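**Q** I am attaching a structure below and will ask some questions about it afterwards.
The values are calculated or read from the model by the stated rules, or taken from the named source; none is laboratory data. All values derive from a computational prediction rather than experimental measurement. Using ideal geometry, Cβ is built from the backbone for each residue, glycine included, and neighbour counts are taken over all protein chains shown. Calculation scope for accessible area: heavy atoms of the full protein, side chains included, ligands and nucleic acids excluded. Shrake-Rupley method; radii C 1.70, N 1.55, O 1.52, S 1.80 Å.
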Amino acid sequence: PFLAAKARKCHPPEDCAKSLWIDGSILVHSEQLFADALELLETCDLATFRHPYRDCILDEAVESEYTPRYRGQRVLWQAAKYMTQGHPRHWGLYSSGIIARNHTADVMLASHLWHNECRVTTQDQVSLPVIVRQAGLEVRLFDGIRRGGIYDNPSFTVVAHKLVLPMGTPEAAQ
């Protein structure tokens, strides 16, 4: 089920003009999220949230080494590969639990490339900024357009799968 959801996240449906990915760990409380997504998509290719703690794929990969769900995957290797290929340190990092997309040819190609990269590791936050930068996609952030970031937004709550925990805590990472 996890990899099936990852495939859908990375490669949106091709039979519509726009889509909004909402991770299974997100409980939506308000239609405002959908209105915000449509508003952002008027001026960009893709909209998502800024990562709340880090701004670098290498830092995220190091942190992922200590997260049980990524144990045994080549997350650090993947980030190092991107860095040696020229991806800049501190270029930016997204919290990809919510992703709004216009289904332009560039976005769909980038989504296909992202899906391929997610076969290396399931830590998609490391590969998404690289794909976005390489494809030249215009990204806008949900953060602050009316509300806060990914963990303090009144339109939804981020919860751990099967158990409600405050995200960003050691308990939630396990």
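**Q** Just wondering, is there one or more residues in region 41-60 that are in contact with a Cys (Cβ under 9 Å, 6 or more places away or on another chain) and of a type in the set (A, V, I, L, M)?
**A** Looking for residues that are in contact with a Cys (Cβ under 9 Å, 6 or more places away or on another chain) and of a type in the set (A, V, I, L, M), one finds none in region 41-60, hence no.
**Q** State which residue is least open to solvent (accessible area, probe 1.4 Å) when the search covers only region 12-62 and only residues that are in contact with a Phe, Trp or Tyr (Cβ under 8 Å, 6 or more places away or on another chain) and of a type in the set (Asp, Glu).
**A** Restricting to residues being in contact with a Phe, Trp or Tyr (Cβ under 8 Å, 6 or more places away or on another chain) and of a type in the set (Asp, Glu), the top hit is ASP36.
**Q** Please count how many residues of region 97-114 are part of a strand (DSSP E or B) and farther than 18 Å from GLU39 by Cα.
**A** Total meeting the criteria: 1.
**Q** Please tell me if ARG101 is out of contact with any strand residue (DSSP E or B) (no Cβ under 9 Å at 6 or more places or on another chain), under 17 Å from LEU141 (Cβ atoms) and in contact (Cβ under 8 Å) with a residue 24 or more places away in the chain.
**A** no
**Q** Report, ordered by the first and then the second residue, all pairs with beta carbons closer than 7 Å, sequence separation of six or more or different chains, a first member in region 68-86 that is farther than 14 Å from LEU128 by Cα, and a second member that is open to solvent by 30 Å² or more (accessible area, probe 1.4 Å).
**A** Filtered contacts from region 68-86: PRO68/GLN174; ARG74/VAL120; LEU76/VAL62; LEU76/GLU65.
**Q** Can I ask one more? Check whether at least one residue in region 76-83 is closer than 16 Å to ASP124 by Cα and touching a strand residue (DSSP E or B) at 6+ places or on another chain (Cβ under 6 Å), and report yes or no.
**A** No, there is no match, as no residue in region 76-83 is closer than 16 Å to ASP124 by Cα and touching a strand residue (DSSP E or B) at 6+ places or on another chain (Cβ under 6 Å).
**Q** Counting only residues that are modelled with pLDDT under 90 and among the hydroxyl-bearing types (Ser, Thr, Tyr), which one in region 93-135 is surrounded by the most Cβ atoms within 10 Å (Cβ to Cβ)?
**A** By that ranking, first place goes to THR121.
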